[in-house]
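J.: First the structure, which I've put down as structure tokens, then a few questions once you've had a look.
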Amino acid sequence: MSAQTITAAPETTARLPWRPLLLLSGAAFASVTAELLPASLLVEIGGGLGVGESAAGLLVAAWALTVAVASLPLARLTRRVPPARLIPLTLLVFALAVAATAAAPGYGAALAGRMVAAAAHGLFWSLLMPTAAAIAPPRLTGRAISVVSAGPTLAGIVGIPLGVVIGAAVGWRAAFALIAVVLVGAAVAVRALRLPSAPAAAPSPGGRGGRAVLAVTAGTGVLLVGHFLVYTYISPLLAGAGYPAGVRAALLFLFGLGGLAGTFAAGPLSDRFPRHALAWSAGVFAAVLAALALLGAGTAVAVAVLAAWGALIGLFPPVFQTRLMRVAVPGRETAAGAIAVTVLNLGIAAGAATGGAAVDRWGTAVLPALGTAAALIATALLAAAARTR
């Protein structure tokens, strides 16, 4: 995930470095909150900028496109900057871009601010997991990545609802300004850490390690197409199964709690089964997506399926990140991460678009079958990639 050469922790280190991992997790929490907040405040943002909801929605779409396009070039351009300086600098640029969005006098300025913030977000995520892996003992890589991944999971459970409450109470600009302040604090805190400061190595993956990175990332991208194909339309899917708004909200909250549990289970699973955990997780993912066809069987079934689905989407990304770190050529982790960020964002966009086309043509009932098919393809790809040591 990073093009920098990052000096790993000695094998003899017995414990996780909790303080830096938690600070990186907090920075990731703020980053993902900044990413997702506009989707929850489209009405307020559109009204404040004098545009319709569809135009305001471009603030979300432009983010994903910018991350996909900019992550790898930025990783290459900054490969000679030590992570100890680059990560705080990236967070500071991120904060300034979010603040510029909050203060934007019009729609064009807000869109420009979002695109700069998205570019910083992509670079930050290219650096984040390689750094977490580098500062932890190699045998605990999975647990370290799991700790850092808890921040993004909590952003969906706590950060976004809190931002919506603030936006509704004092305006969307105040919510964005608060996130900017948190990002500045994260930049200062991370700068004070003793992060790796080794110089950069090669700018991109290559050879057998490069092929392994592409194989693992491609399989994961296909699985995310299947996931977001369904998840983007989970509310109408639940409504079609007969669940009223209050029950749907409770089920989605349970989904989020399941994600937090899955995130913490990912570390031990990855460290215990480093080669096969990813493919196994994809196989279980396919089974759970298939079980979504049973949502109409009753609330108890819906609770079980949504909790399991949430746990899997919490578990899968850190398992993927850990596997990626273990197959990447040493010194080329940031480039691997940048490729992952690009492919994953394209997978998310492709899943949402495919799901929309399917709903228009056949309705929501077909979504579990399509998602399951994508997850089964991903399982086959990842099982083949597991042969790479």
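J.: Filter the stretch 185-214 down to the residues that are surrounded by fewer than 19 Cβ atoms within 10 Å (Cβ to Cβ) and modelled with pLDDT of 75 or more and list them by number.
T.: Gly185, Val188, Ala189, Arg191, Ala192, Leu193, Arg194, Arg211, Leu214
For every residue, the table says whether it meets (1) closer than 30 Å to Ala55 by Cα; (2) polar (S, T, N, Q).
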position	(1), (2)
Arg79	no, no
Ala112	yes, no
Leu128	no, no
Leu140	no, no
Thr153	yes, yes
Val164	yes, no
Gly167	yes, no
Val182	yes, no
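J.: Is there any pair with a first residue in the stretch 309-331 that is assigned by TED's automatic domain parsing to the domain that holds Ala261 and over 24 Å from Ala290 (Cβ atoms) and a second that is aromatic (Phe, Trp, Tyr) and part of a helix (DSSP H, G or I) whose Cβ atoms are under 9 Å apart and which are 6 or more apart or on different chains, and what are they?
T.: Going by the 9 Å Cβ cut-off, there are no qualifying pairs.
J.: Also, I was wondering about something else. What number of residues in the stretch 228-256 are closer than 25 Å to Ala378 by Cβ, among the aliphatic types (A, V, I, L, M) and surrounded by fewer than 19 Cβ atoms within 10 Å (Cβ to Cβ)?
T.: Total meeting the criteria: 2.
J.: Of the conditions (1) assigned to a helix (DSSP H, G or I); (2) of a type in the set (A, V, I, L, M); (3) at pLDDT below 85; (4) touching a Pro at 6+ places or on another chain (Cβ under 9 Å), Ala340 clears all except one; give me its number.
T.: If we test Ala340 against (1) assigned to a helix (DSSP H, G or I); (2) of a type in the set (A, V, I, L, M); (3) at pLDDT below 85; (4) touching a Pro at 6+ places or on another chain (Cβ under 9 Å), just (4) comes out false.
J.: Cβ-Cβ under 9 Å, sequence separation 6+ or interchain: first residue in the stretch 68-85 and within 18 Å of Leu346 (Cβ to Cβ), partner surrounded by fewer than 20 Cβ atoms within 10 Å (Cβ to Cβ) and among the small types (Gly, Ala, Ser). Which pairs?
T.: Short answer, once both residue conditions are applied: Ala68/Ala349; Leu72/Ser204; Ala75/Ser204.
J.: If you don't mind, there's one more thing I want to ask. Pairs under 9 Å by beta carbon, first residue free of Cβ contacts under 8 Å to residues at least 12 places away in the same chain in the stretch 228-244, partner outside any loop (DSSP other than H, G, I, E, B), six or more apart or different chains?
T.: Ala239/Ala245; Ala239/Arg248; Ala239/Thr364
J.: I'm told Val366 meets every condition in (1) out of contact with any Phe, Trp or Tyr (no Cβ under 9 Å at 6 or more places or on another chain); (2) crowded, with 24+ Cβ neighbours inside 10 Å; (3) within 12 Å of Leu229 (Cβ to Cβ) except one. Can you identify the failing condition by its number?
T.: Looking at each condition in turn, Val366 falls short on (2).
J.: Take the residues of the stretch 62-115 that are among the hydroxyl-bearing types (Ser, Thr, Tyr) and in contact with a Lys or Arg (Cβ under 9 Å, 6 or more places away or on another chain): which is surrounded by the most Cβ atoms within 10 Å (Cβ to Cβ)?
T.: Thr101
The values are calculated or read from the model by the stated rules, or taken from the named source; none is laboratory data. Quantities reported herein were computed from a predicted structural model and do not represent experimental measurements. Cβ sites come from the backbone with ideal geometry, for glycine too, and all protein chains shown count toward neighbours.
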